């Protein structure tokens, strides 16, 4: 749905006696409601899918399909550490310091993996499993979103 159309709908509801308006187009649902002549709420329900190509390298399909049980066992052995907050990702405690972890490093539960800076506060992100760092999914000094995967750890 076009953003300009949504803005026009908001203006129409603001200027009219309508107190609530809903529209859906495919998977996109928009509800506009107002109270005392002012728009009080605009709710959108848009399914958002993160661009997985940017977060994970492409995986080529093997010629032999593995069984669902093997896929489930593999998935149980892999753990993603996700960002608990929005902020800036740093691999090291200082610009001239060594990174906390590298690919191939063995980590224990509680090991500091990185820092996410939010509002001038440095938040240490710790591993919640014991295992080996398989991938680091974020570049140093880049913004991260809430729940964005940061590390892939192969559990012991």
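Distance between the modelled labels on residue 123 and residue 139, one decimal in nanometres: 2.3 nm (7 Å Cα→Cβ projection). Here 106, 79 are placed in order of increasing Cβ neighbour count within 10 Å, fewest first, which gives 106, 79.
Can you sort 21, 151 so the residue with the fewest Cβ neighbours within 10 Å comes first?
Values: 21 16, 151 22.
So the residues, fewest neighbours to most, are 21, 151.
With both labels modelled 7 Å from their Cα along Cα-to-Cβ, the residue 33 to residue 5 distance reads 2.3 nm.
Bear in mind that the values in this text are calculations on the coordinates, not laboratory data. For clarity, every value in this text was computed on a predicted model and none was experimentally measured. Methodologically, a virtual Cβ is constructed for each residue, glycine included, from the backbone with ideal geometry; neighbour enumeration extends over all protein chains shown.
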